[in-house]
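Novice: Structure below; questions to follow.
The values are calculated or read from the model by the stated rules, or taken from the named source; none is laboratory data. None of the values given here were measured: they were computed from a predicted structure. Because the Cβ atoms are built from the backbone with ideal geometry, glycine has one as well, and the counts that use them run over all protein chains shown.
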Amino acid sequence: MTIVLKGAGLLQSAPIKSRTTATFQALKAQGRKALIPFVTAGYPYADVTPELMHAMVDGGADVIELGVPFSDPSADGPVIQKAGDKALAFGIGMVQVLDMVREFRKTNQTTPVILMGYANPVERYDQKHAREGVESAFVVDASAAGVDGVLIVDYPPEECEDFSINLRAHGMDLIFLLAPTSTEERMRQVARVASGYVYYVSLKGVTGSGALDTDAVEAMLPRIRQHIKVPVGVGFGIRDAATARTIAQVADAVVIGSKIIQLIENQPRDQVAHTAKTFLQEIRSALES
């Protein structure tokens, strides 16, 4: 894999404050925690995503993680893998994902949207859409579409300093995963380049696996915060209001993905958005209680 992460020409550029940073600052001032739902773009129907995104905001979402379908998702469990496969069968790729964000932005200019996925679709986009004088077509086009950040699972932090600078110069954040197995050195590496927030994977394994050990999460977060100064969100294994409320007592954000995918999987087209909204309202109510 060749990682194209150059951005040296932007080293002197002042970072633009992102929507994500502004959102977390506002929530902190209110004494509230962020609710971050994840959905796969183009699932369960190719055209439902912008409507679904609006419904999730109506249900209480503060930030949206939008999964970019990919054929070989190393961090995703069977639920999200199945969603990605179906979206790919619909012909959903990075071009279509950016179109969905543009559609969402027509009527929502405030809710941060984070693209979550893998290196291949990003680098393929740069290869196909390379333009003279544009160092990264993906960064430029994602920013223009209204994307606020990216979480690319297989981009290591030690190789991402220039990429992070390039994103921040365009008002976007680079989000990283941390895990129960993350070393102190890895946390320091992430701290050098991460912005917006970091995503703590509360379980060993893939999305949707295992039962969440809230005591272990509570013990880990102080270690992370010794190095990480941006907000810390916790995901993997959060499936109900009670668990979300417990995690929110120690984390800055609660991330929920597989459960939403399962809930909308077999819904008729006209019930997808309502189903997600209703579920998130329950979670939001728990976070506010």
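Novice: Quick one: residue 267 ticks every box in (1) closer than 23 Å to residue 174 by Cβ; (2) surrounded by fewer than 23 Cβ atoms within 10 Å (Cβ to Cβ); (3) touching a helix residue (DSSP H, G or I) at 6+ places or on another chain (Cβ under 7 Å) bar one, so which box is it?
Specialist: (1) is the only condition that residue 267 fails.
Residue-by-condition table, conditions (1) surrounded by 19 or more Cβ atoms within 10 Å (Cβ to Cβ); (2) out of contact with any helix residue (DSSP H, G or I) (no Cβ under 9 Å at 6 or more places or on another chain); (3) of a type outside the set (Lys, Arg):
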| site | (1), (2), (3) |
| --- | --- |
| 19 | yes, yes, no |
| 41 | yes, no, yes |
| 69 | yes, no, yes |
| 74 | no, yes, yes |
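Novice: Tally time: how many residues in region 121-155 are within 18 Å of residue 39 (Cβ to Cβ) and assigned to a helix (DSSP H, G or I)? Show your work before the answer.
Specialist: Start the filter on region 121-155 by keeping residues that are within 18 Å of residue 39 (Cβ to Cβ), which leaves 121, 142, 145-153.
Checking which are assigned to a helix (DSSP H, G or I) leaves us with 121, 142, 145.
So the count comes out to 3.
Novice: Something else about it: Here are the criteria: (1) modelled with pLDDT of 90 or more; (2) small (Gly, Ala, Ser); (3) on the phi > 0 side of the Ramachandran plot. Tell me which single one residue 237 does not satisfy.
Specialist: Result: residue 237 passes all but (1).
Novice: Let me ask you something else. Return the residues of region 56-111 that are in a loop (DSSP other than H, G, I, E, B) and among the aliphatic types (A, V, I, L, M); say none if nothing qualifies.
Specialist: If the condition is that a residue be in a loop (DSSP other than H, G, I, E, B) and among the aliphatic types (A, V, I, L, M), then 61, 63, 68, 75, 92 are the ones that fit.
Novice: Only residues in region 44-65 that are farther than 15 Å from residue 106 by Cα count as the first member; pair them with residues that are modelled with pLDDT of 95 or more and among the charged types (D, E, K, R), Cβ under 6 angstrom, at least 6 apart or cross-chain, and list the lot.
Specialist: 44/265; 45/269; 58/277; 59/277; 60/284
Novice: In the set 83, 55, which member is farther than 16 Å from residue 147 by Cβ and in contact with a Lys or Arg (Cβ under 6 Å, 6 or more places away or on another chain)?
Specialist: 55
Novice: Collect the residues in region 148-159 that are surrounded by 20 or more Cβ atoms within 10 Å (Cβ to Cβ) and under 21 Å from residue 101 (Cα atoms), keeping them in residue-number order.
Specialist: Correct list: 148, 149, 150, 151, 152.
Novice: Return the residue satisfying two criteria in turn: it lies in region 33-53 and is charged (D, E, K, R) and either under 21 Å from residue 240 (Cα atoms) or part of a helix (DSSP H, G or I) (or both), and of such residues it is farthest from the chain's Cα centre (by Cα).
Specialist: Among those residues, the one meeting the criterion is 51.
Novice: Let me ask you something else. Mind checking which pairs have a first residue in region 266-277 that is under 8 Å from residue 44 (Cβ atoms) and modelled with pLDDT of 95 or more and a second that is among the hydrophobic types (A, V, I, L, M, F, W, C) and part of a helix (DSSP H, G or I), Cβ under 7 Å, 6 or more apart or different chains?
Specialist: Note: pairs meeting the criteria are 272/52; 272/264.
Novice: Output the residues belonging to region 131-147 that are modelled with pLDDT under 95 and either touching a Pro at 6+ places or on another chain (Cβ under 9 Å) or surrounded by fewer than 15 Cβ atoms within 10 Å (Cβ to Cβ) (or both).
Specialist: 131, 132, 133, 134
Residue-wise test of (1) among the small types (Gly, Ala, Ser); (2) at pLDDT 95 or above.
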site	(1), (2)
44	no, yes
71	yes, no
78	no, no
88	no, yes
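Novice: In this structure, is residue 193 crowded, with 20+ Cβ neighbours inside 10 Å and touching a Cys at 6+ places or on another chain (Cβ under 7 Å)?
Specialist: yes
Novice: Could you please give the count of residues in region 218-243 that are surrounded by 15 or more Cβ atoms within 10 Å (Cβ to Cβ) and either of a type in the set (Gly, Ala, Ser) or in contact with a Gly (Cβ under 9 Å, 6 or more places away or on another chain) (or both)?
Specialist: 10
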